[in-house]
Amino acid sequence: MEYRTVKQPAVSLPAALTSPIDVPPVPDTMTFGDSVQLNAELFGLLGQCNIDRYGIRQIEATREGK
């Protein structure tokens, strides 16, 4: 029996998973309401980052044959 190593072409990650995420602007003078709004936007961005990271892990698992 003969074993050979077969190279597979690397699959590039989708741009949507690796593109920069814009940070919402922070007002110079922040009110309590501005702070609540900013926190909501930041939590949303954090959630999107976690979704993107999950997508990258799925792609990597596919590459490794898991």
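The values are calculated or read from the model by the stated rules, or taken from the named source; none is laboratory data. Computed from a predicted structure; not experimentally measured. As a convention, Cβ positions derive from the backbone with ideal geometry for all residues, glycine included, and neighbour counts pool all protein chains shown.
Filtered by the rule that a residue be within 10 Å of the chain's Cα centre (by Cα), part of a helix (DSSP H, G or I) and in contact (Cβ under 8 Å) with a residue 12 or more places away in the chain, the range 19-52 gives Leu45, Gln48, Cys49, Asp52.
Step by step: first the residues of the range 52-66, then only those that are among the β-branched types (Val, Ile, Thr) and surrounded by 11 or more Cβ atoms within 10 Å (Cβ to Cβ), then the one that is modelled with the lowest pLDDT. Which residue is that? Ranking the candidates gives Ile59 first. Within the range 16-35, the set of residues being surrounded by 12 or more Cβ atoms within 10 Å (Cβ to Cβ) and polar (S, T, N, Q) comprises just one member, Ser35.
Of the candidates Leu42, Leu38, Leu13, the single residue that is surrounded by 11 or more Cβ atoms within 10 Å (Cβ to Cβ) and within 30 Å of Gly65 (Cα to Cα) is Leu13. Just a yes or no: is a residue in the range 14-35 in contact with an Asp or Glu (Cβ under 7 Å, 6 or more places away or on another chain) and at pLDDT below 90? Checked the range 14-35: at least one residue is in contact with an Asp or Glu (Cβ under 7 Å, 6 or more places away or on another chain) and at pLDDT below 90.
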